[in-house]
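Q: Here's a structure for you.
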Amino acid sequence: QFNFFEIEKQSENRMATVYLNGPDARNSMVWDFWKELPEVVDYLEQDETIKSVVIASKKKSFSIGLELNEFGEKFGDIIKGSTADQRMKFLKLIQDMQSGFLKMMKSRIVFLGAVHKHCIGGALDLICACDIRLAASDASVSLRETKVAIVADMCSLNRLPSIIGQGNTRLMAFTGSDYDAQKCKEMGLFSEVYSDQEELHERAETLAKEIAANPGIVLKGVKEQLNYMESHTPEEGLAYVAVWNAAFLDSEDFRELQSAFKERRRPVYKS
């Protein structure tokens, strides 16, 4: 169904794995990636059984980011446009490329990024749009855009400060250097670092299953609150979550939990 992405669903576990499957061994982000990412998120959203998704790669690298040569050949005229009309087309192109990341951030689905080897530029944008990030010990991350004369405009400059703080974000952004998995874990970019790619994928899948075992309506609510808190005060957040629970706490799953607790059994959640 997709050229750049390979999707494996586990309906019984209410989760899926999306593999980056580009045309080269390092998964450079050719135009198919940017065109298809919003479609992939929509496709996953349409399946109400899917509650968590691992984004990973079976190839030599997670991804080395934007394929600059193809991008220049395909959109060179728009990039170098001299009139307001042409600049507007370039603006639209950037917004279209951002749309997949925005859909991930707004999605009810919990996304887990599983990184091995190279994670450069657009690949960092991709994992920044995820809710949780995991890595193999050989992972190397770079906010590379500065070194290739671009102000990063997809996701990383906007999301990283709330993930790793302003200081670490500025360090990565101004240098464009490579940072190893352990340093990224110390920064807070990765929650866990595993020995190799095989263990990474196994543990990411286990974590996705654990997350998906929880009520979908609650996962959606938790993600909504966390996203809200990125741009609001604690007081505003407390007011918002109070209204949220006043409206949505008494769900079918909450009632099932109460029944299961009384009957001393495991709850069976519907959402």
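Q: Suppose we filter segment 165-194 for residues that are touching a strand residue (DSSP E or B) at 6+ places or on another chain (Cβ under 7 Å) and either at pLDDT below 95 or in a loop (DSSP other than H, G, I, E, B) (or both); how many remain?
A: Our first condition is that a residue be touching a strand residue (DSSP E or B) at 6+ places or on another chain (Cβ under 7 Å); within segment 165-194, this holds for 172, 176-182, 184-185, 189-194.
Pick out the ones that are also either at pLDDT below 95 or in a loop (DSSP other than H, G, I, E, B) (or both) and you get 176-177, 189-191.
Final tally of qualifying residues: 5.
Q: Kindly indicate the residue of segment 72-111 that is among the aromatic types (Phe, Trp, Tyr) and over 24 Å from the mean Cα position of the chain (by Cα) and also least open to solvent (accessible area, probe 1.4 Å) among those meeting that condition. Step through it out loud before you land on a result.
A: From segment 72-111, those among the aromatic types (Phe, Trp, Tyr) are 75, 90, 101, 111; that's our starting set.
Now restrict to residues that are over 24 Å from the mean Cα position of the chain (by Cα): 75, 90.
On the way: Phe75: 25, Phe90: 43 Å².
Ranking the candidates gives Phe75 first.
Q: Pick from segment 252-271 the residues that are part of a helix (DSSP H, G or I) and basic (Lys, Arg): which of them is nearest to Pro161 (Cα to Cα)? Spell out the reasoning first.
A: Here is the first cut: in segment 252-271, the ones part of a helix (DSSP H, G or I) are 252-263.
Those left that are additionally basic (Lys, Arg): 255, 262.
Details: Arg255: 38, Lys262: 44 Å.
Residue satisfying both the conditions and the ranking: Arg255.
Q: Just a yes or no: is a residue in segment 153-165 touching a Lys or Arg at 6+ places or on another chain (Cβ under 7 Å), under 26 Å from Leu207 (Cα atoms) and either in contact (Cβ under 8 Å) with a residue 12 or more places away in the chain or of a type in the set (A, V, I, L, M, F, W, C) (or both)?
A: Within segment 153-165, the first condition is being touching a Lys or Arg at 6+ places or on another chain (Cβ under 7 Å), and the residues that meet it are none.
Checked segment 153-165: no residue is touching a Lys or Arg at 6+ places or on another chain (Cβ under 7 Å), under 26 Å from Leu207 (Cα atoms) and either in contact (Cβ under 8 Å) with a residue 12 or more places away in the chain or of a type in the set (A, V, I, L, M, F, W, C) (or both).
Q: Further question on the same structure: Just give me the residues in segment 230-251 being over 25 Å from Ser162 (Cα atoms) and exposed (fewer than 12 other Cβ atoms within 10 Å of the Cβ), in sequence order. It would help to see each step written out before you state the result.
A: To start, the set of residues in segment 230-251 that are over 25 Å from Ser162 (Cα atoms) comprises 246-251.
Listed by number, the residues that qualify are Ala246, Ala247, Leu249, Asp250.
Q: Would you check if Phe111 is at pLDDT 95 or above and touching a Leu at 6+ places or on another chain (Cβ under 8 Å)? Please lay out each step first, then the result.
A: Details: at pLDDT 95 or above: yes; touching a Leu at 6+ places or on another chain (Cβ under 8 Å): no.
No.
Q: A further question follows. Considering only segment 63-71, I want to know if a residue exists there that is under 15 Å from the mean Cα position of the chain (by Cα) and surrounded by 17 or more Cβ atoms within 10 Å (Cβ to Cβ). Write out each step before concluding.
A: As a first pass, look at segment 63-71 and keep what is under 15 Å from the mean Cα position of the chain (by Cα): 63, 65.
Applying the additional criterion that residues be surrounded by 17 or more Cβ atoms within 10 Å (Cβ to Cβ) yields 63, 65.
Yes, some residue in segment 63-71 is under 15 Å from the mean Cα position of the chain (by Cα) and surrounded by 17 or more Cβ atoms within 10 Å (Cβ to Cβ).
Q: Are any residues in segment 23-59 crowded, with 17+ Cβ neighbours inside 10 Å, more than 15 Å from the chain's Cα centre (by Cα) and over 13 Å from Phe5 (Cα atoms), and if so, which ones?
A: Arg26, Ile50 - these are the residues of segment 23-59 that are crowded, with 17+ Cβ neighbours inside 10 Å, more than 15 Å from the chain's Cα centre (by Cα) and over 13 Å from Phe5 (Cα atoms).
Q: Do you know which residues across segment 3-13 are open to solvent by 10 Å² or more (accessible area, probe 1.4 Å) and within 18 Å of the chain's Cα centre (by Cα)?
A: Start the filter on segment 3-13 by keeping residues that are open to solvent by 10 Å² or more (accessible area, probe 1.4 Å), which leaves 3, 5-13.
Residues satisfying the conditions are Phe5, Glu6, Ile7, Glu8, Lys9.
Q: A follow-up question, please. Working only within segment 122-146, note down all residues that are of a type outside the set (S, T, N, Q), in contact with a Ser or Thr (Cβ under 7 Å, 6 or more places away or on another chain) and either open to solvent by 10 Å² or more (accessible area, probe 1.4 Å) or in a loop (DSSP other than H, G, I, E, B) (or both).
A: Ile132, Arg133, Leu143
The values are calculated or read from the model by the stated rules, or taken from the named source; none is laboratory data. Please read these numbers as outputs of a predicted model, since none were measured by experiment. When we count neighbours, we look across all protein chains shown, and the Cβ atoms used for this are built from the backbone with ideal geometry, even at glycine. Side chains are part of the model used for accessible areas, which takes the heavy atoms of the whole protein and leaves out ligands, DNA and RNA. Shrake-Rupley method; radii C 1.70, N 1.55, O 1.52, S 1.80 Å.
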